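Since the structure comes first, as structure tokens, the remarks are kept for the end.
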Amino acid sequence: MLIAGNWKMYKGPAEAAVFCRALRDAGLPEDVDVVVCPPYVSLEAAVQALAGTEIGVFAQSCHWEAEGAFTGEVSAAMLHEVGAYGTLVAHSERRQWFGETDESAAARVRTALAEGLDVIACVGETLAEREAGETEAVLRRQVGVLEHDDNLVIAYEPVWAIGTGKTATPAMAQEAHETIKSLLDVPVLYGGSVKPENAAELLAQPAVDGALVGGASLDVDSFAAICRAAVTS
Ligand code: PEP
């Protein structure tokens, strides 16, 4: 089981260090892989605060070129240099607000993996797509541009469930994860309003290999509770 916390645009370096020190003292279960994804500027603080622990630090995206005139972007090698172990790619907020496409997502994934970073690539349908019966077609399109890699994990995040308090039912998650796994044999995390109260039920689904957690990962107690729920699932 892998539990990853996506901090989005929360927690600067000082707050990240305080959070990570509390997380290392939170008594996380040993048999669950735990990852935090701070904003770029807080990566180094998180890496330092978690040094000597098994908790991984991932970025939230990275560029597909090694370097160049790409204002505002960060390369995979730069992430490596500050001690990041991996990166998220193609979170739906990147797709929605920053023009991420399936093709740019695939290019970022390829480069990050080639640099030796682990990757959590995000896929998922919008509410309109689900209501139009297009969930499977969307997943086929988004997953279809990716290739198998031992260091690749996919996060199924139905866009309508992210930050909305609406969660996919365990059956919906199971069905989508089965579709993804039929396309690519990689671990699949569920993301979308995962909280301590619903984590165990979602994580108990056979095709759910962990969770990508947004809002509930910003609080040490709720994030640690989700990590603990992963043990019993
Ligand atoms: C996310 O940001 O990946 C996410 C799933 O957010 P939330 O848990 O807040 O819905």
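Here are some residues: Ala84, Ala26, Ala69, Ala4. Which one is of a type outside the set (Ser, Thr, Tyr) and within 23 Å of Gln142 (Cβ to Cβ)? Before the answer, list the steps.
Numbers: Ala84 fails: within 23 Å of Gln142 (Cβ to Cβ); Ala26 fails: within 23 Å of Gln142 (Cβ to Cβ); Ala69 fails: within 23 Å of Gln142 (Cβ to Cβ).
Step by step, each of Ala84, Ala26, Ala69, Ala4 is checked, and only Ala4 is of a type outside the set (Ser, Thr, Tyr) and within 23 Å of Gln142 (Cβ to Cβ).
Per-residue answers, yes or no, for (1) within 20 Å of Asp25 (Cα to Cα); (2) touching a Gly at 6+ places or on another chain (Cβ under 6 Å):
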| position | (1), (2) |
| --- | --- |
| Leu189 | no, yes |
| Ser193 | no, yes |
| Asn198 | no, no |
| Leu203 | no, no |
| Ala207 | no, no |
| Ala211 | no, no |
| Ser222 | yes, no |
| Ala225 | yes, no |
| Ala230 | yes, no |
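Going by the structure shown, is Glu73 away from the ligand (no atom under 16 Å from the Cβ) and farther than 24 Å from Ala14 by Cα?
Judged against the criteria, Glu73 is not a match.
Each row is one residue, and each column tells you yes or no for (1) among the aliphatic types (A, V, I, L, M); (2) free of Cβ contacts under 8 Å to residues at least 12 places away in the same chain; (3) over 20 Å from Ala216 (Cα atoms).
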{"residue": "Val145", "(1), (2), (3)": "yes, no, yes"}
{"residue": "Gly165", "(1), (2), (3)": "no, no, no"}
{"residue": "Ala176", "(1), (2), (3)": "yes, no, yes"}
{"residue": "Ala200", "(1), (2), (3)": "yes, no, no"}
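Test Leu146 against the criterion of being modelled with pLDDT of 95 or more and open to solvent by less than 10 Å² (accessible area, probe 1.4 Å), and give yes or no.
Numbers: modelled with pLDDT of 95 or more: yes; open to solvent by less than 10 Å² (accessible area, probe 1.4 Å): no.
No, not satisfied.
Name, by its number, the condition in (1) modelled with pLDDT under 95; (2) touching a His at 6+ places or on another chain (Cβ under 9 Å) that does not hold for Glu30.
Status for Glu30: all satisfied but (2).
One residue is enough: does region 68-77 have a residue meeting the conditions small (Gly, Ala, Ser), more than 21 Å from Ala216 (Cα to Cα) and touching a strand residue (DSSP E or B) at 6+ places or on another chain (Cβ under 8 Å)? Explain how you work it out, then say what you get.
Taking region 68-77 first, the residues small (Gly, Ala, Ser) are 68-69, 72, 75-77.
From what's left, more than 21 Å from Ala216 (Cα to Cα): 68-69, 72, 75-77.
From the residues that got through so far, the ones that are touching a strand residue (DSSP E or B) at 6+ places or on another chain (Cβ under 8 Å) too are 76.
Within region 68-77, one or more residues are small (Gly, Ala, Ser), more than 21 Å from Ala216 (Cα to Cα) and touching a strand residue (DSSP E or B) at 6+ places or on another chain (Cβ under 8 Å).
If we scan region 30-38, do we find a residue that is touching a residue at least 40 places away in the same chain (Cβ under 8 Å), open to solvent by 30 Å² or more (accessible area, probe 1.4 Å) and touching a helix residue (DSSP H, G or I) at 6+ places or on another chain (Cβ under 6 Å)?
Checked region 30-38: no residue is touching a residue at least 40 places away in the same chain (Cβ under 8 Å), open to solvent by 30 Å² or more (accessible area, probe 1.4 Å) and touching a helix residue (DSSP H, G or I) at 6+ places or on another chain (Cβ under 6 Å).
Out of Arg94, Arg21, Arg110, which single residue is of a type in the set (D, E, K, R), open to solvent by 10 Å² or more (accessible area, probe 1.4 Å) and either within 27 Å of Val231 (Cβ to Cβ) or free of Cβ contacts under 8 Å to residues at least 12 places away in the same chain (or both)?
Going through Arg94, Arg21, Arg110 in turn, the sole match is Arg21.
Quick check on region 178-198: of everything there that is touching a residue at least 40 places away in the same chain (Cβ under 8 Å) and open to solvent by less than 40 Å² (accessible area, probe 1.4 Å), which residue is farthest from Leu2 (Cα to Cα)? Outline the logic, then answer.
If we filter region 178-198 for residues that are touching a residue at least 40 places away in the same chain (Cβ under 8 Å), which is where we start, we get 179-180, 183-184, 187, 189, 191-192.
Okay, now just the ones that are also open to solvent by less than 40 Å² (accessible area, probe 1.4 Å), so 179-180, 184, 189, 191-192.
Details: Thr179: 20, Ile180: 17, Leu184: 18, Leu189: 7, Gly191: 12, Gly192: 15 Å.
So, considering only residues that are touching a residue at least 40 places away in the same chain (Cβ under 8 Å) and open to solvent by less than 40 Å² (accessible area, probe 1.4 Å), the one farthest from Leu2 (Cα to Cα) is Thr179.
What number of residues within region 213-232 satisfy the criterion of being polar (S, T, N, Q), open to solvent by 20 Å² or more (accessible area, probe 1.4 Å) and closer than 14 Å to Val34 by Cβ?
Residues in region 213-232 being polar (S, T, N, Q), open to solvent by 20 Å² or more (accessible area, probe 1.4 Å) and closer than 14 Å to Val34 by Cβ: 1 in total.
The values are calculated or read from the model by the stated rules, or taken from the named source; none is laboratory data. Quick caveat: nothing in here was measured; it's all calculated off a predicted structure. Neighbour counts run over all protein chains shown; Cβ positions are idealised from the backbone, glycine included. Ligands, DNA and RNA are stripped out before the accessible areas are found, and what is left, the full protein with its side chains, is counted by its heavy atoms. Shrake-Rupley method; radii C 1.70, N 1.55, O 1.52, S 1.80 Å.
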